[in-house]
Ligand SMILES: Nc1ncnc2c1ncn2[C@@H]1O[C@H](COP(=O)(O)OP(=O)(O)O)[C@@H](O)[C@H]1O
Ligand SMILES: [Mg+2]
């Protein structure tokens, strides 16, 4: 039986005395795009932080390719092949696009194939290629998000975590962004996305999970098609 690439089981986690996650159970199979949906403050970002080791679970377990990574520090998790593109992009605005991209390849594993990775990213993101020498802070929001994703991919990850990649972007750019993410998935990178644009996110995903108050809603199936056609979700989250 093949095991999921990522398996999160019964995770509880928080910040000091605040319990942000009560019970998160989900998995991502190799080759999938999976979307996490939920209201503001539901625990989506914290779930990604637990996967990338920025927050350690107080209960439960995170397995990557079968290995328990729940107690590992973030740099060791990057080394194993998980790359986290955070909410708000977090580029270095006073550094060039090229310098920002290079920072994505700091792990041992990534440094070894940095040149190849850069070529791949410039092929995927031709607009980024045109702007390598420009200071990142002078790019448009959409361009900055493309650079943030390309920087995440510079680590040559097996699993890419994307937190709200379409946040604050114009509708036309949002569409372009989702097409890019679908392309990244089709090229073989497994992707776990957090998205407010629920319909767009689920439309490029095989599956999704709804998070409410730090818990995965277990009354719902995870198939993206089922979630998209669920009446309660349509009114609660999709604005349809
Ligand atoms: N750095 C932090 N310190 C303290 N509380 C936080 C921090 N980040 C998030 N929280 C709290 O944790 C809960 C879940 O937040 P978050 O995971 O960011 O939700 P989402 O991404 O779904 O909007 C919220 O109650 C939020 O206020
Ligand atoms: Mg968030």
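Descriptive notes on the structure:
- Residue 214 being closer than 30 Å to residue 23 by Cβ and within 16 Å of ligand 1 (Cβ to nearest atom): yes
Yes or no, residue by residue, for (1) touching a strand residue (DSSP E or B) at 6+ places or on another chain (Cβ under 6 Å); (2) more than 16 Å from ligand 2 (Cβ to nearest atom); (3) assigned by TED's automatic domain parsing to the domain that holds residue 213:
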| residue | (1), (2), (3) |
| --- | --- |
| 25 | yes, yes, yes |
| 30 | yes, yes, yes |
| 42 | yes, no, yes |
| 61 | yes, yes, yes |
| 65 | no, yes, yes |
| 69 | yes, yes, yes |
| 72 | no, yes, yes |
| 97 | no, yes, no |
| 102 | no, yes, no |
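- All conditions in (1) within 16 Å of ligand 1 (Cβ to nearest atom); (2) assigned by TED's automatic domain parsing to the domain that holds residue 108 hold for residue 153, with the sole exception of (1).
Residue-wise test of (1) surrounded by fewer than 20 Cβ atoms within 10 Å (Cβ to Cβ); (2) more than 12 Å from the chain's Cα centre (by Cα).
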{"position": "2", "(1), (2)": "yes, yes"}
{"position": "6", "(1), (2)": "no, yes"}
{"position": "9", "(1), (2)": "yes, yes"}
{"position": "19", "(1), (2)": "yes, yes"}
{"position": "28", "(1), (2)": "no, no"}
{"position": "33", "(1), (2)": "no, no"}
{"position": "38", "(1), (2)": "no, yes"}
{"position": "43", "(1), (2)": "no, yes"}
{"position": "48", "(1), (2)": "no, no"}
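The values are calculated or read from the model by the stated rules, or taken from the named source; none is laboratory data. None of these values were measured; they are calculated from a predicted model. Because the Cβ atoms are built from the backbone with ideal geometry, glycine has one as well, and the counts that use them run over all protein chains shown.
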